[in-house]
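The values are calculated or read from the model by the stated rules, or taken from the named source; none is laboratory data. Worth saying up front: this structure is predicted, and the values here are computed from it rather than measured. Here Cβ is always computed from backbone atoms with ideal geometry, including for glycine, and neighbour counts include all displayed protein chains. Just the protein is used for accessible areas: all its heavy atoms, side chains included, with ligands, DNA and RNA removed. Shrake-Rupley method; radii C 1.70, N 1.55, O 1.52, S 1.80 Å.
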Amino acid sequence: MFRTRAAWAAIGTAAALLLTGVPTAHAAEAAGAEAAGAEGQAPDVRWANSVSSDLGTLQVGISSDSAITGIRAHLVSAATQQEVAVVENDAFTLASGTADDGVWRTKQPLDLPALGSYDVRIEATDADGDRTVDNSAGSLAYYVAAVFEDVRPDRTEIDTDHREVRVDGTLKGRWPGTRELKPLADHPVDLDVDYWTENTVRTDAQGRFSGTVTVNDAVPVQAVYRHDTTHPHVLYGESEPTRIGIRQVATRWTIETPAAPRTIDFGQEVTITATLERETPQGWVPFEGQSGGVLYEPSSGGQFASVGYFTTGADGKASFTHTPWETGTFRVASHSDDPFIAPASSNSPEITVLRASTFTSFSATRAQEGGVHVEGAMDFPDGWTPGVIPVHIQHSRDGKRWTTLRTTDANWSGEGHAFSTDITDARRGYFRARFEATESFRGAVSEVVRVGR
């Protein structure tokens, strides 16, 4: 049973004290006697509040050492401190848990005279006859819940030239006493972009609203109702967010130089020139005002080098000179702070860097035993050397067509990379030493020496 107390405002002081849970002398004596005679534990009223999804429904959490047999709730206006209603035991039902440790809810939403906050005072009795009065059990939030319907943006994707999004929807309120949804007229609605308010509009007589926001990134858009002093009894509400996507402007790099793979000597400069373009309905055009940088990336996967940074001019070009220290490629890349501009990058054809090698000496002499003794030395003037230095000893009868007779290694001698070997049964003719080019070093040929019988 549920009784409103609006008609009982003239009840005397003794009755008022009783309703607020302060016992009269007789009631105090009865309570004391009851407590003295009780052997069990009194019910523990843990809390009382509104159901969050159904604000007009009161729920109470109670536990005891025996089943709860009676619940009575007194509702007191937080604004006036006047009791406005009593909710009797037959209005409650066990919603979860057990009879000795559970949550009881009112079967129907409460019908109170006004919206607002209400203090809840609970009387609870268990099967052993133990009774508890809790004058501060909790509070009932008897407010209108803001509910959004049919909130939709007019687009879910934007581009650099179309960043405005219109949001339409309807704001309604769910009344706590009836659960009825009614339009909320002339209420403010915030239109949030990435959870920040970008525009505030007001609802019409049917609760409908419409407004435009500017979206500058791939972020969610939603409608939000926040507390408004002119409508103090309508609580916060928000629509489901809709994520707005971005259609980026396509960009690309075209590398003019080097246009093809090249082989250079160590220490030689190379110019990298590239043009950044953007796609338009009229085709690809130079893209001005875009920032980026150029790196030189070794093919071996070693440490890259920064070549330079740029901002493209009206022709969209970037140009730098660089002296590569090993084989690799240039990488040109641009990235805009504007999320509507797609990043772009490109690698140049490979630049093969070869270090110099040279023979500093070579000799071939006929030995008494009839063979030929060959010796010589090599130098690598760029400061690096191969891990292994194979030297091919070659012979030619006419000085034009050469045959490798033997391969030996040149090793550090303290002054250079020396090699020597003896070739038995060597015929007369021409002798030379040859170092074949590698991925990092140019090849070299020694001077030619003629050896007779």
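Here are a few things to note about the model shown:
- Unmet requirement for residue 185, which otherwise passes all of (1) surrounded by 16 or more Cβ atoms within 10 Å (Cβ to Cβ); (2) over 30 Å from residue 340 (Cβ atoms): (1)
- Residues (assigned to a strand (DSSP E or B) and aliphatic (A, V, I, L, M)) located in the stretch 81-128: 84, 85, 86, 87, 94, 95, 103, 120, 122, 124
- Residue that is least open to solvent (accessible area, probe 1.4 Å), among those in the stretch 224-247 that are in a strand (DSSP E or B) and acidic (Asp, Glu): 228
- Annotation note: Cβ proximity below 7 Å between a residue of the stretch 136-165 that is free of Cβ contacts under 8 Å to residues at least 40 places away in the same chain and a residue that is in a strand (DSSP E or B) (sequence gap 6+ or interchain) occurs for 149/169; 149/170; 149/172; 150/169; 150/170; 154/165; 154/166.
Condition check ((1) within 30 Å of residue 90 (Cα to Cα); (2) open to solvent by 70 Å² or more (accessible area, probe 1.4 Å)) across all residues:
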{"position": "137", "(1), (2)": "yes, no"}
{"position": "200", "(1), (2)": "no, yes"}
{"position": "203", "(1), (2)": "no, no"}
{"position": "209", "(1), (2)": "no, no"}
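- Selection from the stretch 248-290 of residues that are surrounded by fewer than 13 Cβ atoms within 10 Å (Cβ to Cβ) and either within 31 Å of the chain's Cα centre (by Cα) or not in a loop (DSSP other than H, G, I, E, B) (or both): 265, 271, 280, 283, 285, 289
- The set of residues in the stretch 195-223 that are in contact with a Lys or Arg (Cβ under 9 Å, 6 or more places away or on another chain) and assigned to a loop (DSSP other than H, G, I, E, B) comprises 207, 215, 216, 218, 219.
- All told, residue 94 falls short of being closer than 25 Å to residue 232 by Cβ and modelled with pLDDT of 95 or more.
- Filter result for residue 304 (touching a strand residue (DSSP E or B) at 6+ places or on another chain (Cβ under 8 Å), among the aromatic types (Phe, Trp, Tyr) and open to solvent by 40 Å² or more (accessible area, probe 1.4 Å)): yes
- Note on the stretch 29-50: residues that are under 25 Å from residue 138 (Cβ atoms), in a helix (DSSP H, G or I) and either modelled with pLDDT of 50 or more or open to solvent by 60 Å² or more (accessible area, probe 1.4 Å) (or both) total 2.
- Selection within the stretch 353-378 - open to solvent by 10 Å² or more (accessible area, probe 1.4 Å), part of a strand (DSSP E or B) and touching a His at 6+ places or on another chain (Cβ under 7 Å): 365, 377
- Taking each residue of the stretch 406-424 that is modelled with pLDDT of 95 or more and open to solvent by less than 70 Å² (accessible area, probe 1.4 Å) and looking for partners that are of a type in the set (Ser, Thr, Tyr) and assigned to a loop (DSSP other than H, G, I, E, B) with beta-carbon atoms closer than 8 Å, six or more apart or interchain, yields 417/385.
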